[in-house]
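The structure appears below as structure tokens.
The values are calculated or read from the model by the stated rules, or taken from the named source; none is laboratory data. Quick caveat, the model's predicted, so the values are computed rather than measured. Glycine gets a Cβ as well: all are built from the backbone with ideal geometry, and neighbour counts include every protein chain shown.
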């Protein structure tokens, strides 16, 4: 996948990951970018997130993002803050720009000092080119696949997105790394107003395991190389890219075999619809039922009931893979047929709360033995 006009990317092994695979990556724009940033709400946020907030408040443009994988550089004290700052300085020197124009991002094991000397030795080896693929591969940790998406706007401007995330994924900001690059010209104020809404409709609606990472961030950079575009078309394209990335994260959840999609309608407000959908997608009981092909709709009702959304159970309708299971009361249904329908790669559960007109969607994955094995052995 090619990057929009003016952007280049590259990656190299820095031997931060034990595997020796590429783990240090860089995306740069030859043109200063307007940008928007959303970072984790986890109180144990890593230095890269804290620095990103500082840069956002300063209001200056960005020209690059530098990412290391294999080390979260979190809970590492003042040394971690210095290492994060140094990584920005090294990337800036590599590109001939100011450190304040470089956003840093780290992902991996928490509590281990970042070997910044490895970053310093490896950065000169990063060869920048027009393809996103090297960057998309190098930011992965427990992910099994790359996650990319793109859209073309009327007039030719491009929106290209990339994400990483497989575990420690739960709505409380962006729940992973998400980077979106565009050559459309968008003023920074508008970019920041629209970005939070896109994140709420996409990355904040995906869950794997109810844990929100210390290093999560979602960022969009616009360098304007392709000129102005229609704002409505622009935000539709950005949201479609981010929803695609969110779905890919859920499908690649650690140990997952299926994507779970939850559609809630008939809520009193969008906030309640979003919360209800997320709660169902995050329910360990429902996730386990999906893994076992068990059409136990009672677990969906339970999750809806504890979500905080207000409704009368006698007005609720629940469908599984299009099959009605509940309509104010339990419906007769072919349990074997329902179970067979759940053997698909994507399992859709729909709930109409009968309380209003708002709706929302959320995405998750089934809960398997594979998730337990991956996380039982993560550092050993």
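Which members of the stretch 11-26 meet the condition of being more than 9 Å from residue 70 (Cα to Cα), outside any strand (DSSP E or B) and under 23 Å from the mean Cα position of the chain (by Cα)? Of everything in the stretch 11-26, those that are more than 9 Å from residue 70 (Cα to Cα), outside any strand (DSSP E or B) and under 23 Å from the mean Cα position of the chain (by Cα) turn out to be 21, 22. Among the residues of this structure, residue 90 counts as one that is assigned by TED's automatic domain parsing to the domain that holds residue 160, in contact with a strand residue (DSSP E or B) (Cβ under 9 Å, 6 or more places away or on another chain) and crowded, with 17+ Cβ neighbours inside 10 Å. May I ask you to verify whether residue 231 is free of Cβ contacts under 8 Å to residues at least 60 places away in the same chain and either over 25 Å from residue 195 (Cα atoms) or surrounded by fewer than 17 Cβ atoms within 10 Å (Cβ to Cβ) (or both)? Criteria met by residue 231. Mind checking which residues of the stretch 199-216 are at pLDDT 90 or above, assigned to a loop (DSSP other than H, G, I, E, B) and in contact with a strand residue (DSSP E or B) (Cβ under 6 Å, 6 or more places away or on another chain)? The one that is at pLDDT 90 or above, assigned to a loop (DSSP other than H, G, I, E, B) and in contact with a strand residue (DSSP E or B) (Cβ under 6 Å, 6 or more places away or on another chain): 215.
Being surrounded by fewer than 24 Cβ atoms within 10 Å (Cβ to Cβ) and touching a residue at least 24 places away in the same chain (Cβ under 8 Å) is the requirement here; does residue 250 meet it? No, not satisfied. Remark: pairs (first residue in the stretch 272-296, free of Cβ contacts under 8 Å to residues at least 12 places away in the same chain; second residue part of a helix (DSSP H, G or I) and surrounded by 20 or more Cβ atoms within 10 Å (Cβ to Cβ); Cβ separation under 7 Å; 6+ apart in sequence or on different chains) = 289/299; 296/289. Evaluating residue 76 against the criteria (1) touching a strand residue (DSSP E or B) at 6+ places or on another chain (Cβ under 6 Å); (2) surrounded by 21 or more Cβ atoms within 10 Å (Cβ to Cβ) leaves one unmet condition, (1). Within the stretch 45-65, residues that are not assigned by TED's automatic domain parsing to the domain that holds residue 82 have Cβ atoms under 8 Å from residues that are modelled with pLDDT of 95 or more and not in a helix (DSSP H, G or I) in no pair, counting only partners at least 6 apart in sequence or on another chain.
Return a yes/no flag: does the stretch 267-283 have any residue that is surrounded by fewer than 17 Cβ atoms within 10 Å (Cβ to Cβ) and under 28 Å from residue 149 (Cα atoms). Yes: the stretch 267-283 contains one or more residues that are surrounded by fewer than 17 Cβ atoms within 10 Å (Cβ to Cβ) and under 28 Å from residue 149 (Cα atoms). Taking each residue of the stretch 121-139 that is under 14 Å from residue 65 (Cα atoms) and looking for partners that are assigned to a helix (DSSP H, G or I) with beta-carbon atoms closer than 6 Å, six or more apart or interchain, yields 123/90; 123/94.
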